[in-house]
Amino acid sequence: MDEIGPSRKTVTEAPRPTQVCRETEVLVVGGGPAGVAAAVAAARNGADTTLIERYNHLGGMATGGLVILLPHMSAGTAEQEVAGICEEMVDRLDAIGGARHPSRSLLGSADAATINRLKHYHDFVVGGRVRMSVLVDPELLKCVLNDMIEEAGVKLYLHSWGSRAIADGKHVEGAIFESKSGRQAILSKMTIDATGDGDILASAGAEFEGAVDHTLRSGMLAVVFRLGDVDYLRYSTFRHSEPESYRKVMAEIQAAAGFRMLPVATHRDDQVWVNNWVPGNDCLNVEHLTAAEVNVRKAMRKAHAILRASMPGFEKSYILDTASQVGTRGSRRLAGEYTVTAEDLRVGTVFEDTIAAIPRFEENVSSKSPNRCIPYRALVPRAMERLLVAGRCFSSDIIANDLLNLIPFCVQMGEAAGTAAALSLRERVPARAVNRQALQRRLLAQGGWLPGEVMQALSAASAPASAPKEVAR
Ligand SMILES: Cc1cc2nc3c(=O)[nH]c(=O)nc-3n(C[C@H](O)[C@H](O)[C@H](O)COP(=O)(O)OP(=O)(O)OC[C@H]3O[C@@H](n4cnc5c(N)ncnc54)[C@H](O)[C@@H]3O)c2cc1C
């Protein structure tokens with residue numbers, strides 16, 4: 001060794017056979033919100049399905065990342081736009097005391113006493129109306145997701161890092177993964193990249209966009225932590241009643257930490273999770289990931305000392321835990337058959353192949369402020385067969401990705417991708433040729449919700465007379 005430190009040398013590994021440990025119909029890589037939904041949907045629709053996840057648990061950011069707020073599942077009316085598998089996750093958590101959210105009978109309410117009670121909890125109230133936003137217990141969510149995967153009959157490999165696609169430049173035929181059992185391969189008829197970072201699509205050679213805007217939330221890393229023995233309602237009351245004093249403490253924390261932090265409600269009034277935004281980092285760079293892990297923990301101790309000293313409600317608090325997964329918000333985005341743009345979000349484009357409708361965050365739904373939509377084509381690569389994506393690597397420009405990559409919407413994309421993968425195998429057609437209305441009908445049958453324009457097109461298509469094909473706003 002004649003150099004110590006960073007090096008530009010390369011090594012060439014000897015070719016060697018890799019053991020195929022399983023052949024499957026649908027392979028999902030990444031067990032976060034999108035990947036779990038994709039695997040459950042594919043298996044429930046009859047496909048032999050395998051899921052590989054690099055860590056010891058399912059749920060991605062929503063569990064290991066301690067990002068424990070599933071916001072904006074409704075848009076300020078009594079209807080719930082995000083339903084299907086996402087709603088099932090919440091129902092299962094409810095049954096074991098693992099979630100807090102407004103009662104469904106209150107959705108859309110503007111009753112003053114109700115609003116006054118719920119305004120303390122993030123995104124339970126938007127524009128003076130009650131919304132379905134859910135605070136989850138991350139440990140119980142891990143258990144719920146295990147149950148859903150097991151009951152659907154998905155073959156699960158944890159501790160399994162998907163290292164590259166098996167692909168010939170035109171088709172994906174599975175993936176290679178590394179684990180304590182060594183380097184192994186899984187062959188598949190359809191592969192769904194739900195790694196968040198698009199690891200599989202990139203190694204397959206599918207086109208993608210990699211640029212990140214470091215001024216947006218999706219361009220920032222985080223290490224979320226939780227504080228225990230907090231009096232959350234005292235803190236929140238202070239925040240609402242003395243905004244200037246509250247801002248002063250938060251500014252002190254930002255100055256000490258070097259970046260913004262925000263205590264957020266949890267499913268219990270004696271805990272908070274602390275969101276944070278570390279700028280100037282790239283979630284595909286291992287040195288940046290390492291620095292974030294180390295630096296946020298340093299900053300956490302400074303922030304916690306200030307909270308204990310100066311923020312009502314935190315006097316007795318202690319550091320409960322830190323996230324086992326570094327918080328990654330945005331990275332590679334598929335260049336798909338359709339790229340969702342900021343303009344689509346502004347005007348509220350309803351696509352003929354809409355698979356998910358997403359409430360606006362800033363205001364309640366109305367004819368002037370329609371839901372935002374994601375088309376199936378945003379999950380389909382332009383020129384790679386037997387591959388779909390689900391979750392935050394969907395085909396979108398930076399702004400659209402920044403706004404739409406929240407957990408409930410990633411679950412919706414996962415459910416659509418898994419259902420489509422199973423339909424493509426059943427119909428013996430490429431994923432890009434799956435009948436869009438058959439897919440939408442399946443999503444509805446699974447408890448999903450689609451915008452009125454799509455529902456009209458579906459009912460017109462089932463009527464004997466021919467119907468207009470485009471549904472655009
Ligand atoms: C700090 C922070 C705060 C946020 N706040 C909110 C919020 O309040 N509400 C909200 O809804 N959203 C929030 N988001 C965004 C949201 O958490 C993510 O966009 C969402 O979780 C993406 O879901 P996903 O399934 O696409 O990816 P992820 O949640 O990232 O899941 C990807 C999964 O794939 C696994 N994986 C990755 N690579 C591989 C590989 N090569 N092989 C095997 N497995 C792999 C990962 O371990 C993980 O389990 C926040 C994000 C961060 C980081």
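The values are calculated or read from the model by the stated rules, or taken from the named source; none is laboratory data. Since the model is a prediction, treat every value here as computed from it, not as a measurement. Here the Cβ is made from the backbone with ideal geometry for all residues, glycine too, and neighbour counts use every protein chain on show. With ligands, DNA and RNA removed, areas are computed over all heavy atoms of the protein, side chains included. Shrake-Rupley method; radii C 1.70, N 1.55, O 1.52, S 1.80 Å.
Placing a label point 7 Å from the Cα of SER179 along the Cα-to-Cβ direction, the residues of the stretch 149-168 whose backbone N falls under 13 Å of that point are 155-163.
Computed from label points 7 Å out along Cα-Cβ, the spacing between ARG8 and HIS159 is 4.0 nm. Each DSSP beta bridge with both residues in the chain is either parallel or antiparallel, and the antiparallel ones are about 65%. Compute the relative contact order of the stretch 321-442 as a whole-number percentage, counting only Cα pairs closer than 8 Å that sit 6 or more residues apart in sequence. Computed value for the stretch 321-442: 28 percent relative contact order. Karplus-based coupling profile of the stretch 188-204, in residue order and whole Hz: 9, 8, 9, 10, 10, 7, 10, 7, x, 8, x, 4, 7, 4, 5, 6, 6, with θ = phi - 60° in 6.51 cos²θ - 1.76 cosθ + 1.60 and x standing for Gly or Pro. Relative protection proxy for 80-90, 150-160, 222-232, from highest mean packing down: 80-90, 222-232, 150-160 (other beta-carbon atoms within 10 angstrom).
Amide H of ILE355 versus every other amide H placed in the peptide plane: which residues, excluding those fewer than 5 positions away on the same chain, fall under 5 Å? When sequence neighbours closer than 5 places are left aside, the close amide H contacts are ILE374, TYR376.
Rounded to whole numbers, the Karplus 3J(HN,Hα) couplings from phi for the stretch 100-107 are 10, 6, x, 4, 4, 5, 8, 4 Hz, using 6.51 cos²θ - 1.76 cosθ + 1.60 with θ = phi - 60°, and x at Gly and Pro. Given R0 = 22 Å, the distance between the Cβ atoms of ARG234 and PHE361 translates into a calculated FRET efficiency of 0.25. The 1.4 Å probe gives accessible areas that order THR419, THR339, largest first, as THR339, THR419. Remark on THR24: its backbone amide H falls under 5 Å from those of LEU187, SER188, LYS189, a criterion applied only to residues 5 or more positions apart or on other chains, H modelled at 1.01 Å from N. Taken along the Cα-to-beta-carbon direction at a fixed 7 Å, the label points for SER462 and ALA110 span 3.5 nm. Estimated from helices alone, the mean residue ellipticity of the chain at 222 nm is -10500 deg cm²/dmol (sum of -39500 (n - 2.57) over DSSP H runs with n ≥ 4, per residue).
Amide H to amide H distances under 5 Å link VAL125 with ARG131, where only residues 5 or more positions off or on other chains count and H is placed in the peptide plane.
Taking θ as phi - 60° and the Karplus parameters 6.51, -1.76 and 1.60, the scalar couplings of the stretch 279-285 work out to x, x, 10, 10, 7, 10, 10 Hz in sequence order, x denoting glycine and proline. For the pair ALA78 and ALA433, label points projected 7 Å from Cα toward Cβ lie 4.5 nm apart.
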